[in-house]
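Computed from the coordinates by the stated procedures, all read-outs in this text should not be read as laboratory data. Bear in mind that the values here come from a model prediction, so they are computed numbers and not experimental data. Here the Cβ is made from the backbone with ideal geometry for all residues, glycine too, and neighbour counts use every protein chain on show.
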Amino acid sequence: MDQEGGCTSQARRLALAHGDWEKAHGPLKGAQLGHLSRLQGYAPTEAQLKPYQESERISAENFVKFCEEVGYEDPSFEELSSVFAPFDPEGTGQIPKEVFLHLMTSVGDRFEAEEVDSMMVDLQSGKEALCQVMPFLGVKVGEVSEGPLSCRGCGAIGAGR
């Protein structure tokens, strides 16, 4: 809430997202809370989601409170790229598709399979078996010249964007 007792713009945005969800999918259930909060840019842990898993409906007010409790902090490029670096020893900016799918659905705070499928549309390399990780990390070609995923010699990344 802002100092005048009204909603912050972030709280309004979250409440609108909740309303849009309910129009499209019906009541927001606890099992769907992680998906909607991730769509809004939050990264709740499994422990933060657990108390809500059995809830039949999460109100807009409770959704906003949940997101505020989770907090929002963009991880650094170094933090994100370190996850993929062991699978890209040559620094090409690409990893095997199967590895990306495995990491996203089974390591740490996992994404739902549908979320990963959506990601794959944008990350698919011209080579069917490879996945471009630099766009996933929010990096454009040429922005990173050093580091764990420096993308040395990977002019194809971001092609067509």
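If a spin label sat at a point 7 angstrom from the Cα of residue 73 along the line to its beta carbon, the backbone N atoms of the range 15-42 nearer than 15 Å would be those of 42.
Would you mind calculating the gained length between residue 114 and residue 62 on full extension (0.36 nm times residue separation, minus the Cα-Cα distance), in nm to one decimal?
Computed gain between residue 114 and residue 62 is 16.3 nm.
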